[in-house]
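Here the structure comes first, spelled out in structure tokens, and everything after it is commentary.
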Amino acid sequence: MPDGFVALCQVTLVGYAAMGGVFWAFSDIVMRSLAHTDADAAITVMQSINRTILRAAFMVVFIGLVPVSVVIGIYGVVALDGSMAWLVGGAATLYLIGVFGLTAVWNVPLNNRLQPLDPTAADAAAFWRQSYLRRWTAGNSVRAVASLAAAVCLLLALTGLAGV
């Protein structure tokens with residue numbers, strides 16, 4: 001196994017774990033805090049977060065892990081055997097589908113529905129309380145679990161490769 005591939009998997013593992021930590025903290029701390037805040041203030045904060053995150057370093061890692069996941073996934077399935085192939089391929093798949101894909105089909109559409117709302121409008125508060133908060137947090141929690149599971153898969157593969 002080339003050292004470069006092992007190093008790429010190590011860096012990717014750190015990225016997956018970091019993404020999982022961010023998503024977990026967001027679901028467990030930020031969204032829980034916003035749930036105990038007046039709807040208009042919570043909507044305003046979330047709208048600000050959704051604008052800010054597009055220009056944050058977070059996006060470099062979040063999107064950068066997509067091509068890296070494709071590379072390690074393909075290489076893992078083609079060049080590795082048995083459980084190592086499954087673990088590396090599974091890690092890549094967890095990130096690509098469980099994190100990036102879910103973001104595209106679940107969290108982003110909810111954000112796009114929230115973004116244009118007037119936070120002081122009654123329909124905005126109803127959307128926040130009855131739909132957005134619960135659904136967005138559920139999707140984000142799945143992203144946390146998928147990211148952390150991807151990191152664990154790579155950890156298991158790397159320890160297996162090292163003979164540990």
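What follows is calculated from the coordinates using simple rules that are stated; it is not laboratory data. Since the model is a prediction, treat every value here as computed from it, not as a measurement. All Cβ positions, even for glycine, are placed from backbone atoms using ideal geometry, and neighbour counts span all protein chains on display.
Exactly one condition in (1) in contact (Cβ under 8 Å) with a residue 40 or more places away in the chain; (2) surrounded by fewer than 20 Cβ atoms within 10 Å (Cβ to Cβ) is not met by SER33; state its number.
All conditions pass for SER33, except number (1).
Tally time: how many residues in the stretch 13-57 are among the hydroxyl-bearing types (Ser, Thr, Tyr) and under 13 Å from the mean Cα position of the chain (by Cα)?
Adding up the residues that qualify gives 2.
Quick one: SER48 ticks every box in (1) touching a residue at least 60 places away in the same chain (Cβ under 8 Å); (2) of a type in the set (Ser, Thr, Tyr); (3) farther than 16 Å from ARG135 by Cα bar one, so which box is it?
(1)
Tell me, which helices (runs of 4 or more DSSP H) wholly within the stretch 65-164 include 2 or more residues that are within 18 Å of the chain's Cα centre (by Cα) and surrounded by fewer than 20 Cβ atoms within 10 Å (Cβ to Cβ)? Break it down stepwise before answering.
Numbers: elements: 82-93, 108-114, 122-127, 133-161.
Output list reads 108-114, 133-161.
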